[in-house]
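To start, the structure itself, in structure tokens.
The values are calculated or read from the model by the stated rules, or taken from the named source; none is laboratory data. These figures come from a predicted structure and were not determined experimentally. Using ideal geometry, Cβ is built from the backbone for each residue, glycine included, and neighbour counts are taken over all protein chains shown.
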Amino acid sequence: MSQFDNQLTRLARELEAFLALLEEEALALSAGNPDRLSELVTLRQSASLRLGGHWKVLAEQLQLPPQAGFAALRDKAMAGAAPSPAWRALESLTREAARLNQVNGRLIEEQMRRNQAAMQVLQSALSSRGLYGADGRVSDFPNLNRSIDSA
């Protein structure tokens, strides 16, 4: 196995681990589990850095800049030949990662819409009914006849 194929295999393994994180993220978003999401953000950032490192090595092996896109890497790596099984696997994993990332983005947008709707309900209740008291119940506006020392 060539050094290039070894790097493709390492990148594919790292991408598989990243996909597992994206799947966990989707479950946490669907379940509304903010604690798990917080953990996953940290894990995902680390995984992204590792993926970036593998990508950079692969680009260097092909004498391309680190920011080279997938198509540029494929064109240089395959040089007109049919893609290797390792390359096809990497393309498949990349497509799945993009799909899961879009799904998670939609889940995040939906959660944000729900949170905004809840905030609007709370703000509406506050402006139309009064203030929340120390006990959490809505109370009338403060008694303006009270002096500060009798509060």
Of all residues in region 39-59 being of a type in the set (Val, Ile, Thr) and free of Cβ contacts under 8 Å to residues at least 40 places away in the same chain, which is surrounded by the most Cβ atoms within 10 Å (Cβ to Cβ)? 41
Restricting to helices (runs of 4 or more DSSP H) lying wholly in region 1-80: which have 3 or more residues that are more than 25 Å from the chain's Cα centre (by Cα) and over 18 Å from residue 91 (Cα atoms)? none
Regarding residue 62, is this residue over 18 Å from residue 9 (Cα atoms), surrounded by 15 or more Cβ atoms within 10 Å (Cβ to Cβ), touching a helix residue (DSSP H, G or I) at 6+ places or on another chain (Cβ under 6 Å) and in contact (Cβ under 8 Å) with a residue 12 or more places away in the chain? no
When the residues of region 95-151 are filtered to those that are assigned to a loop (DSSP other than H, G, I, E, B) and among the acidic types (Asp, Glu), which remaining residue is modelled with the highest pLDDT? 135
Please specify each residue of region 25-38 satisfying the condition of being surrounded by fewer than 17 Cβ atoms within 10 Å (Cβ to Cβ) and either basic (Lys, Arg) or in contact with an Asp or Glu (Cβ under 9 Å, 6 or more places away or on another chain) (or both). 36
Which residue out of 72, 68, 77, 86 is closer than 22 Å to residue 22 by Cβ, surrounded by 12 or more Cβ atoms within 10 Å (Cβ to Cβ), at pLDDT 70 or above and small (Gly, Ala, Ser)? 86
